[in-house]
1. Accessible area per residue of the stretch A:55-192 at 1.4 Å probe, in Å²?
2. Rounded to the nearest 0.05, what FRET efficiency do B:Asn177 and B:Val156 have when you use their Cβ-Cβ distance and R0 = 30 Å?
3. Using the per-residue mean of other Cβ atoms lying within 10 Å as a proxy for protection, in what order, highest first, do the peptides B:59-69, A:92-102 fall?
4. Stretch A:Leu27-A:Glu185 to full length: gain in nm at 0.36 nm per residue minus the Cα-Cα span?
5. Please name whichever of B:Pro130, B:Phe272, B:Tyr12 sits farthest to the positive end of the charge dipole of chain B, dipole taken about the Cα centre and charges placed at Cβ: Lys and Arg +1, Asp and Glu -1.
6. Of the options A:Thr150, A:Phe183, A:Ser125, report the single residue whose Cα projects farthest towards the positive end of the charge dipole of the stretch A:113-213 (beta-carbon charges: Lys, Arg +1; Asp, Glu -1).
7. Given the options A:Lys161, A:Lys200, A:Lys29, which has the most mean-square fluctuation in a GNM of chain A, springs set between C-alpha atoms less than 10 angstrom apart?
8. Mind giving me the FRET efficiency for A:Asn167 and A:Lys200? R0 is 56 Å, r the Cβ-Cβ distance, nearest 0.05 is fine.
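The values are calculated or read from the model by the stated rules, or taken from the named source; none is laboratory data. Note that the structure is predicted; figures quoted are calculated from it, not measured. A quick note on method: Cβ atoms are made from the backbone with ideal geometry, for glycine too, and the neighbour counts reach across all protein chains shown. Please note that ligands, DNA and RNA were not included when accessible areas were found on the heavy atoms of the full protein model with its side chains. Shrake-Rupley method; radii C 1.70, N 1.55, O 1.52, S 1.80 Å.
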Amino acid sequence: MEEIRPTHAQLLALREQIKVATSGRDLLKSKRDALLLEFMEVVDTTLDLSVELSKTLAEAQYQFEFANAFDGEAAVHSAALASSGEVFVDISGYRVMGVAVPVIKQSPRLPRTSFNRGYSPTGVSVRVDEAAYGFEKAISSIMKYAEAETRLRRVGAEINKTNRRVNALDEIRIPQLKSQVRFIEQTLDERQREELFRLKKVKKKIARGHANS
Amino acid sequence: MTPRKNISTLEYASARVRSHRARLFDEKMYADLLNADSLRALHELLESTKYRAVLSKHSLQTSGARAIGDAVADYLREEYFFCQRFYTDAQAVSLEVLSGALDIVDLKTVIRGKYAGSSYDDIIATFFGPGLCIERSALLLLAKQESLEDVVRMAVTLDIPFALAVKLGAERFAISNALSEVELSLDQAYFSWAFEKCSHQAERKTPIISYLQDRIDVQNIMTLARFVVAQKFAGEPPALATYYLAGGTVFPTLKKFEKAAQALSIDEFATFIKAPRFAHLVQSQLAEYNVSDSLASLDRTLNVDVVMHAITVGKREIENVGVSVAYLLALENEVKNIRLIAHAKAFKLHASVIRKELVGV
């Protein structure tokens with residue numbers, strides 16, 4: 001425990017610190033409540049997107065298997081080589097209650113049409129085209145899901161952090177300050193009583209002196 | 001002793017090919033394949049058929065549906081060579097043209113692979129074409145090249161069919177950076193090459209010409225259908241004229257092709273198809289499209305009709321290459337059907353789902 005000077009000035013300073021810590025705790029509690037509301041909302045969105053992603057991937061996989069089965073792996077593999085490329089993502093962000101939340105934008109926009117997928121539509125069947133469309137849609141869903149999940153993780157982490165801070169203030173810092181205040185008050189009271197007792201003694205001595213003379 | 005009947009070479013060829021045709025799977029065999037409990041059971045069933053040799057060869061290299069798919073494709077390749085040995089000159093050209101449609105996919109794979117920076121093994125893994133039009137050794141050599149420019153140079157040096165189309169497409173690709181330019185150039189070159197080959201060899205009377213025309217019509221119809229659907233998406237519309245394939249009967253001129261592209265919906269587009277056979281097929285699939293929002297059913301119906309028509313016409317023509325063309329197309333259907341069943345078994349799809357997708361059964 002840190003060394004405390006039991007002075008009146010220190011008592012005032014500690015009382016000020018308790019006031020600041022209490023209002024800080026209240027603010028953090030409000031922030032935590034707001035973040036919890038945000039978290040619940042993001043949880044719903046993320047769950048919806050997760051279901052959508054699973055569905056999109058299952059559909060894409062089915063279309064891929066169907067194209068593989070009907071047109072052969074040669075045609076599908078060949079078309080996949082032609083339409084391969086990089087998906088560039090532009091990540092910006094904004095803040096929710098002080099938490100940085102990412103916004104992911106993809107380029108080129110997916111899914112593409114069969115005319116700008118890289119291969120010529122004259123030589124590729126619709127089944128291969130639909131498999132490509134399915135997977136491009138899945139990439140788009142993955143981006144959306146990644147954005148929502150990052151938001152969820154960050155808001156969750158911030159809630160944990162805020163909770164720890166509130167607990168630290170509630171359970172450690174404020175009780176500590178209060179006990180310090182109590183200690184100083186007791187010490188000051190003790191000193192005051194000692195002073196009073198001393199003064200009484202002095203007064204008695206003076207009175208006895210006067211009586212003797 | 002019964003005197004030997006004097007038959008012509010073509011009649012003999014037709015008889016030999018017909019003997020192979022008799023080994024095509026019948027409805028009962030398909031029912032057995034569909035009812036197979038697992039992929040293993042399907043494999044065992046196929047081992048009791050003409051596919052035994054190719055299956056044992058491919059089972060050593062790959063497994064599952066892939067092994068079956070590769071094996072039946074290999075059988076198709078062997079059958080192309082079996083049929084080809086009976087013919088010379090004009091008739092052989094027809095088979096070369098038929099093989100070209102498959103070989104060109106391998107050439108595209110090489111070009112696409114080089115564009116994507118894929119390895120040699122990755123490129124050649126799925127080669128499928130029989131190699132009557134573009135030799136397999138030439139394709140392997142092209143796949144070994146470092147870059148797309150080297151492929152173009154090597155194709156010109158080897159003077160493979162469509163080398164000039166590859167060169168022209170690569171020049172356009174250098175300007176637009178769109179690989180589809182090379183592919184369009186190849187598709188257009190394939191059809192003009194095929195028509196030229198057949199007309200030079202006095203093949204006008206064979207079913208291969210009408211088959212080619214039908215394929216052009218189907219590709220033009222599907223390009224336009226995709227274009228009409230793609231209008232729903234935002235973005236710059238493609239230069240449609242470049243996708244036009246000349247030589248068909250449904251859209252004999254570019255002007256008619258472009259006029260049909262002005263349709264705002266598939267239903268409206270259907271009214272632009274005047275040829276009764278295709279108009280009927282497109283109309284019959286409109287309801288399916290409106291329910292599923294997918295062109296797959298239309299694509300399938302048109303392609304199946306073209307192939308089945310060519311088979312029906314070809315199998316009667318014993319005095320030319322028609323029987324072989326019909327047999328090879330029917331075998332290609334069978335290969336597709338087996339591949340479809342194998343993948344469906346691997347994917348645990350119900351037999352009733354697969355049955356409606358089988359071609360020519």
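1. Numbers: 6820 Å² over 138 residues.
Averaged over the residues of the stretch A:55-192, the accessible area is 49 Å².
2. On the way: r = 21 Å, r/R0 = 0.72.
After rounding to 0.05, the efficiency reads 0.90.
3. Numbers: B:59-69: 17.5, A:92-102: 13.3.
The packing order, highest mean first, is B:59-69, A:92-102.
4. Working: separation 158, 0.36 × 158 = 56.88 nm, distance 2.83 nm.
Answer, rounded to one decimal: 54.0 nm.
5. Ranked along the dipole, the leading option is B:Tyr12.
6. A:Phe183
7. In the Gaussian network model the winner is A:Lys200.
8. Working: r = 48 Å, r/R0 = 0.86.
E between A:Asn167 and A:Lys200, to the nearest 0.05, is 0.70.
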